[in-house]
Amino acid sequence: MIISLVFLSLLMALFGGWLFSHSINVRPWEVQGGVLGERPAAVTAPRVGLAVFLAVATSLFALTISAYMMRMDMGADWRSPPTPGLLWFNTALLVLGSVALQRAWGAARHGRRGELGIGLIAGGACSIAFVLGQGLVWWQLEAAGHYLAANPANAFFYLLTALHGLHLLGGLAVWARTLFRLRRGATPERLCGSVELCALYWHYLLVVWGILFMLVLST
């Protein structure tokens, strides 16, 4: 439970700081953009929406990790499945995807359309490969006889990886829409906000996966 609370607190502090980082020095008694007390430009509806969604997702992951830890301590029927080496490769793919989207964000801020397209494609390709790799891990475990219903440890492994994978698939839907807009002629400046949210969401999922992976390795 303590691990989950620390996990929840750190992630929400990180993304809460990002959301309000540009408004720390704002003086509400001064005129903002010609209107007294107007909200800071950095606090946009998409950013607030992402922050709220991440709060919900973080709570879900924290509760699942808490259930994992408590169930592991409940009895002798807990037999952790082996950790396939492919998980390390999949982790590297997710890291590369996060880096690529960070570079795409930088390209969007500076109006570099070509680099933006390359970054988006590379980030999406690595992420899709990660999802496919996770499916291959499941296939390897089932082929070795580590079925979901065999014991609680197997069930939680499939649950944790599926939960993370579903969140990544949701992000890929937004990524695909952003790439489609770029192909339709949208300028990097107009896409900057969408690319920013994609990059930050991927960074979040990378941190979450790092925690889940360490949890699996240590137990």
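Throughout, read-outs are computed from the coordinates displayed, never taken from laboratory work. Keep in mind that this is a model prediction, so the values were computed, not measured. Cβ placement follows ideal geometry from the backbone for every residue including glycine, while neighbour counts extend to all protein chains displayed.
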What Kirkwood radius, in Å to one decimal, follows from the Cα pairs of region 66-187? 16.3 Å
Quick one: divide the alpha-carbon radius of gyration of region 87-159 by 2.2 N^0.38 Å and tell me what you get. 1.50
Tell me the net charge near A122. Cut-off is 12 Å between Cβ atoms, A122 excluded, with +1 for each Lys or Arg and -1 for each Asp or Glu. 0
Please compute the net charge surrounding R181, taking Lys and Arg as +1 and Asp and Glu as -1 over other residues with Cβ under 15 Å from its Cβ. +3
What FRET efficiency would be calculated for the residue pair A173, F89, taking the C-beta separation as r and a Förster radius of 30 Å, to the nearest 0.05? 0.75
³J(HN,Hα), Karplus 6.51/-1.76/1.60, whole Hz, each residue of region 60-72, x for Gly, Pro: 5, 5, 5, 5, 5, 5, 4, 5, 4, 5, 5, 5, 4
So which chymotrypsin sites (Phe, Trp or Tyr not before Pro) in region 146-190 are both in a DSSP loop and have at most 15 other Cβ atoms within 10 Å of their Cβ? Y147
For region 128-219, divide the Cα radius of gyration by the Kirkwood radius and give the resulting Rg/Rh value with two decimals. 1.11
For an R0 of 45 angstrom, estimate the FRET efficiency from the Cβ-Cβ distance between Y147 and V52 and round to the nearest 0.05. 0.75
Within region 116-219, list the trypsin sites (Lys or Arg not before Pro) lying in a DSSP loop whose Cβ has at most 13 other Cβ atoms in a 10 Å radius. R184
In Hz, Karplus ³J(HN,Hα) per residue of region 76-84 (6.51, -1.76, 1.60; θ = phi - 60°; x = Gly, Pro): 7, 7, 7, 10, 5, x, x, 8, x
